[in-house]
Every structure is written in C-alpha cells, then in structure tokens.
Amino acid sequence: MPTYKLYYFNAKGNAEITRLVFAAAGVEYEDIRFKDRDDWLNNYKHLSPTGQCPFLEVEGKKIGQSLAIARLVAREHGLYGESNMDGAMIDQVLYTLDDLTKPLIDWHFEKDEAKKAEKEKKLAEETLPESMQRLDKLLKGNGGKGYFAGNKLSIADLAVFNQCSGLVVKFPKCMDKCKELPAFIDRIKALPKIADWLAKRPQTDF
C-alpha cells in the first residue's frame, strides 16, 4: 500500500473530496493541515509542484490540482467505475460540479455588498436550483441504480455529496424540485465509512 500525504489548510475546501475518497476506500493517509496562511507560504508552498494547494505526496512524488489528486486516489482504490463508460459518466458529473463552482466562487469573493447580494439572489433562485435539477436528472438517468455511474459507489457520488450537503445549509431550497437527490445525499451520509469520517473530521466553517 502506498504512503500518502495530503497537504491543505485546516478547512474542507478543495481537499475534502480527496479526504472523502480516502474515507470511502478505507485508506490511511497523513492529513497535513497548515496552521494559517503564513505557515503555508513559509513552510509548504515551496514543496508544491504547482505552488498551489492542495497537493498530494505519494511515495515521494508530489501531485497538484485537486481533481487530479482525487481522481488518482479514486482510480487506485476502485472508485472510478468498472468501464470506460462508467468513467465517462463520472467525468460528466465532475465537470457539471466544476461548472457550478465558478459562480459560487464569484459570489463568495465579491467585495461589493450590493453586487454580492444580487449574485446570491441569482444563485438561490436560478443557478443552484437548475444545477441541482441537472444532477437529479443524471442520477435518475443511471437507471435507478442509486449511483451516478455503474452499480456501486464512485468518486462522482462522493463529489455530489460533498458539494450538495454544504450548499443546502446556505441555500436550503436549492433541491426543492429534485426527486432523487435529497434521499441520495442522506444515503451517502449514512454509509458507515463516510459517517465515521464526518463524525471525526475537524469542524471547520469552510
């Protein structure tokens, strides 16, 4: 079994999908969390292959970019489907989530309060409900199997859970028109290995 070290801030952020993949696979790793921005800049940034975080170290080899990291771990531990078609369906979900991330980041970092309120309103009333319904359709489109690809848990399921379980706290009505997604989120949350990780992970706002 390879030795893994995951480097990121003490936050869920872009590292949490990889942590969820590790949890679902039952794989041990070193969860290295920077104390603060200064700790990152002074002690870890120079170690990153891209100068960004998160980054993963596997047997001395360092890999950057959050999705590349998560995909690697998922492929190594049976969470990327069982065929090329499964892999394509998984990628379809991951890219759909990536499309959703962009307006969320734009809203989160908006400094003008009036513009931020306007962007939040659009997210709540248009962008998020439409995105959730799109995911709901993809879930249903897998033949009612309860997963986004194939017949078993994959990184796609974990990524949707990670994104949606956080969004519904801030935007509680975003899944109101979804038929499959709310129960799916609850089911993934209740999986023993996922529930164990959620119970023991550090409690952070972001």
> Is it true that some residue in segment 56-69 is within 23 Å of R134 (Cβ to Cβ) and either of a type outside the set (S, T, N, Q) or buried (at least 19 other Cβ atoms within 10 Å of the Cβ) (or both)?
Replying inline: yes
> Where residues in segment 130-176 are in a helix (DSSP H, G or I) and among the hydroxyl-bearing types (S, T, Y), which of them is modelled with the highest pLDDT?
Replying inline: S131
> Out of K102, K111, K116, K121, which single residue is open to solvent by 70 Å² or more (accessible area, probe 1.4 Å), farther than 25 Å from L6 by Cβ and part of a helix (DSSP H, G or I)?
Replying inline: K121
> Which residues, counting only those in segment 27-60, are more than 17 Å from the chain's Cα centre (by Cα) and either in contact (Cβ under 8 Å) with a residue 40 or more places away in the chain or within 17 Å of H77 (Cβ to Cβ) (or both)?
Replying inline: V27, E28, Y29, E30, R33, L47, S48, E57, V58, E59
>> Can you report the number of residues in segment 25-38 which are open to solvent by less than 20 Å² (accessible area, probe 1.4 Å) and closer than 24 Å to D205 by Cβ?
In response: 1
> Taking only pairs six or more apart or across chains, which ones have beta-carbon atoms under 7 Å, a first residue in segment 99-117 that is farther than 18 Å from Q163 by Cα, and a second residue that is basic (K, R) and modelled with pLDDT of 95 or more?
Replying inline: E110/K116; E110/K119
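The values are calculated or read from the model by the stated rules, or taken from the named source; none is laboratory data. All values derive from a computational prediction rather than experimental measurement. Note that each Cβ is placed from the backbone with ideal geometry, even for glycine, and that neighbours are counted across all protein chains shown. Areas reflect the complete protein model, heavy atoms only, side chains present, ligands, DNA and RNA absent. Shrake-Rupley method; radii C 1.70, N 1.55, O 1.52, S 1.80 Å.
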